[in-house]
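The structure appears below as structure tokens.
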């Protein structure tokens, strides 16, 4: 399957997931996230504000704030395929932004990528090589492949989002772990981001 075909199939399956099953799976994912030491011990954690069909991260955010973790969310830079990171003191600081995704409001201070200890990222599909299929704009790959990124990279998915193989390009940055409602997967070796160039 091509990336475009995988994206189309993944979107259909995500939209078809019944709300009760989505809620139950999300609750289990929220619990499993904290079994990863890299996430449980992160001083600064990058989260994403989910779209309606994605795994919700609001519960993870609430738990992180309760643990005293500094939360960071991305904001897309208009007219480019890049994003900036911003410290968010609470979910009430998120506002509707690009692509209908909640983003930090303009008062939230910017955080350098090198300050982030770990990231939880979304995706439409993933495989056991750590390849992640995003929505096609490359925001996360661009940041993870940049010279400042040092943090742990973990995806959160519903179990059915796993596929045998995601087509990967040279610039795609693999995940180091993935969490679903059924398991916590870790790469056999910790893949590093490709050198920026």
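Among the conditions (1) at pLDDT below 95; (2) within 22 Å of residue 55 (Cβ to Cβ), residue 146 misses just one, which is (2). When each of 113, 109, 104 is tested for being under 18 Å from residue 69 (Cβ atoms), surrounded by 21 or more Cβ atoms within 10 Å (Cβ to Cβ) and in contact with a strand residue (DSSP E or B) (Cβ under 7 Å, 6 or more places away or on another chain), the lone residue that passes is 104.
Could you check the range 175-197 and list, in sequence order, the residues that are modelled with pLDDT of 95 or more and surrounded by 14 or more Cβ atoms within 10 Å (Cβ to Cβ)?
To start, the set of residues in the range 175-197 that are modelled with pLDDT of 95 or more comprises 175-186.
Of everything in the range 175-197, those that are modelled with pLDDT of 95 or more and surrounded by 14 or more Cβ atoms within 10 Å (Cβ to Cβ) turn out to be 175, 176, 177, 178, 179, 180, 181, 182, 184, 185, 186.
None of 27, 42, 64 is over 19 Å from residue 139 (Cα atoms), touching a strand residue (DSSP E or B) at 6+ places or on another chain (Cβ under 9 Å), assigned to a helix (DSSP H, G or I) and at pLDDT 95 or above except 64.
Evaluate the following for residue 130: is it assigned to a helix (DSSP H, G or I), out of contact with any helix residue (DSSP H, G or I) (no Cβ under 6 Å at 6 or more places or on another chain) and at pLDDT 90 or above?
Details: assigned to a helix (DSSP H, G or I): no; out of contact with any helix residue (DSSP H, G or I) (no Cβ under 6 Å at 6 or more places or on another chain): yes; at pLDDT 90 or above: yes.
When the stated conditions are applied, residue 130 does not pass them.
Among the residues of the range 105-127, those identified as more than 12 Å from residue 172 (Cβ to Cβ), in a strand (DSSP E or B) and either in contact with a helix residue (DSSP H, G or I) (Cβ under 7 Å, 6 or more places away or on another chain) or touching a residue at least 40 places away in the same chain (Cβ under 8 Å) (or both) are 111, 118, 119, 120, 121, 125. Looking only at residues of the range 149-170 that are in a loop (DSSP other than H, G, I, E, B) and exposed (fewer than 14 other Cβ atoms within 10 Å of the Cβ), we find that the one that is modelled with the lowest pLDDT is 170. Among the candidates 13, 22, the residue that is surrounded by fewer than 16 Cβ atoms within 10 Å (Cβ to Cβ) and either over 15 Å from the mean Cα position of the chain (by Cα) or more than 23 Å from residue 184 (Cβ to Cβ) (or both) is uniquely 13. In the set 91, 175, 148, only one residue is under 12 Å from the mean Cα position of the chain (by Cα) and either touching a residue at least 12 places away in the same chain (Cβ under 8 Å) or under 14 Å from residue 73 (Cα atoms) (or both); that residue is 175.
Screening the range 76-87 for residues that are under 15 Å from residue 102 (Cβ atoms) and either at pLDDT below 90 or in contact with a helix residue (DSSP H, G or I) (Cβ under 8 Å, 6 or more places away or on another chain) (or both) and picking the one that is surrounded by the fewest Cβ atoms within 10 Å (Cβ to Cβ) gives 76. Residue check: residue 142 meets all listed conditions (1) out of contact with any strand residue (DSSP E or B) (no Cβ under 7 Å at 6 or more places or on another chain); (2) assigned to a loop (DSSP other than H, G, I, E, B); (3) surrounded by fewer than 20 Cβ atoms within 10 Å (Cβ to Cβ) but one, namely (2). In a residue-by-residue description of the range 3-23, the property of being in contact with a helix residue (DSSP H, G or I) (Cβ under 8 Å, 6 or more places away or on another chain), closer than 26 Å to residue 142 by Cβ and not in a helix (DSSP H, G or I) applies to no position. Select from the range 45-56 the residues that are in contact with a strand residue (DSSP E or B) (Cβ under 9 Å, 6 or more places away or on another chain) and farther than 23 Å from residue 145 by Cβ and write down the one among them that is surrounded by the most Cβ atoms within 10 Å (Cβ to Cβ). In this case the residue turns out to be 55.
The values are calculated or read from the model by the stated rules, or taken from the named source; none is laboratory data. Treat the numbers as computed from the prediction; the structure is a model and nothing was measured. Cβ sites come from the backbone with ideal geometry, for glycine too, and all protein chains shown count toward neighbours.
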